[in-house]
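Chemist: Below: one structure in structure tokens.
All of the numbers you see were taken from the coordinates with simple rules; none came from a lab. Here the structure is a predicted model, which is why all the values come from computation and not from measurement. Every residue, glycine as well, gets a Cβ built from its backbone with ideal geometry; the counts of neighbours run over all protein chains shown.
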Amino acid sequence: MSPVPERSPALLLKMRAMRELFSAAERRVLDYILANPDKVIYLSVAGLADLSGVSDATVVRTCQKLGLAGYQELKVTLAQDLVTPLQNIHEEVRAEDDAAAILDKVVQSTIHTLTLTHDTVKPETLEAAACAILGARRVCIYGLGNSHAVALDLQHKLNRLGLDAAAFTDPHLQAINASYCGPEDLVFAISHSGSSRDIVDSVRIARARGARIITLTSMGVSPLQREADIALFTASQETRYRIVALSSRIAQITLVDVIYTIAALRKEGAVEGFHRVE
């Protein structure tokens with residue numbers, strides 16, 4: 001079995017995914033870093049600014065928009081990423097693979113996706129999502145296709161906390177539900193691509209009626225993410241290998257578990273039943 005890297009290149013993945021959110025000048029900084037990560041760790045702010053054709057302030061601003069304290073933290077994080085380069089664990093399954101090879105590929109892909117998600121998700125965003133759920137009159141959960149099971153899992157967990165939550169996994173029922181949403185309601189929309197037209201349309205209806213929106217998508221700009229008050233992301237390395245859908249779904253369920261745990265610990269009287277086995 002190939003060893004799983006201690007740290008995945010989450011920062012580079014984040015740069016690629018968030019690139020369209022940056023200004024033209026900031027994108028020049030990102031593009032230079034992505035093309036020359038091994039050189040950037042030896043450059044000063046002025047050096048990177050000169051090679052990118054921007055000002056020193058633009059470099060610092062780019063770092064801050066990535067969630068870093070400044071340029072020094074970018075170099076440290078980048079150096080850590082490069083010390084343990086990503087292993088090629090996203091190999092395509094082949095007809096001749098035996099059970100051991102398939103086990104290796106599936107498990108390592110899932111571990112890698114979880115590691116990337118852990119390194120890119122912001123704890124304060126998870127806290128905000130849990131508090132929004134607790135403050136809502138009703139939680140309406142939308143999920144289609146691969147996200148169907150995740151939506152039902154979230155419904156089950158929130159119901160265990162005594163919250164009014166229902167999962168809608170049919171596009172027509174989602175649209176009907178959205179048309180009856182109000183300012184006290186919360187819509188939690190789940191879509192790996194963030195481009196499912198049915199969910200996006202339903203979310204826009206709910207948003208127009210005043211509902212708050214939480215989205216859970218893969219990292220990057222998407223039509224669904226643009227509708228969010230609170231945007232949550234999973235991260236996975238793009239590959240031809242079909243287990244990406246499985247890995248992303250496990251990452252989604254993991255974030256749902258985290259939000260559920262935060263909500264249970266914040267909700268008065270919920271902790272007593274938190275460890276109950278059913």
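Chemist: Of Lys39/Lys75; Lys122/Lys157; Lys14/Lys105; Lys14/Lys65, which ones are farther than 19 Å apart at the Cα? Each step should come with its number before you reach the end.
Modeler: Numbers: Lys39/Lys75 10 Å; Lys122/Lys157 22 Å; Lys14/Lys105 23 Å; Lys14/Lys65 11 Å.
Correct reply: Lys122/Lys157; Lys14/Lys105.
Chemist: Okay, moving on. Test of the criteria: in the range 118-197, which GluC sites (Glu not before Pro) are in a DSSP loop and have at most 15 other Cβ atoms within 10 angstrom of their Cβ? Please report the intermediate quantities before stating the final value.
Modeler: On the way: sites: Glu124, Glu127, Glu184; in loops: Glu184.
Sparse-neighbourhood loop GluC sites (Glu not before Pro): Glu184.
Chemist: Relative contact order of the range 125-248, please, whole-number percent, based on alpha carbon pairs below 8 angstrom and at least 6 residues apart. Intermediate results must be reported in sequence, preceding the final value.
Modeler: On the way: 232 pairs, mean separation 28.5, N = 124.
About 23 percent, as a whole number.
Chemist: Moving to a separate point now. Whole angstrom only: what separates the Cα centroid of the range 154-194 from the Cα centroid of the range 245-261?
Modeler: For the range 154-194 versus the range 245-261, the Cα centre distance is 17 Å.
Chemist: I need the trypsin sites (Lys or Arg not before Pro) found in the range 88-147, filtered to DSSP loop residues with at most 10 other beta carbons within 10 Å of theirs. Walk me through the numbers before you get to the answer.
Modeler: On the way: sites: Arg94, Lys105, Arg137, Arg138; in loops: Arg94, Arg137.
The qualifying sites are Arg94.
Chemist: Once amide H atoms are placed 1.01 Å from N in the peptide plane, what residues at a sequence separation of 5 or more from Tyr142, or on another chain, have their amide H within under 5 Å of its amide H?
Modeler: Correct list: Phe168, Phe188, Ala189, Ile190.
Chemist: Right, next: Let's see if you can work this out: charge +1 on each Lys and Arg Cβ, -1 on each Asp and Glu Cβ, no other charges. What is the dipole magnitude of the range 109-182 about its Cα centre, in debye to the nearest 20?
Modeler: Working: 5 positive and 6 negative charges, 38 e Å.
Approximately 180 debye in magnitude.
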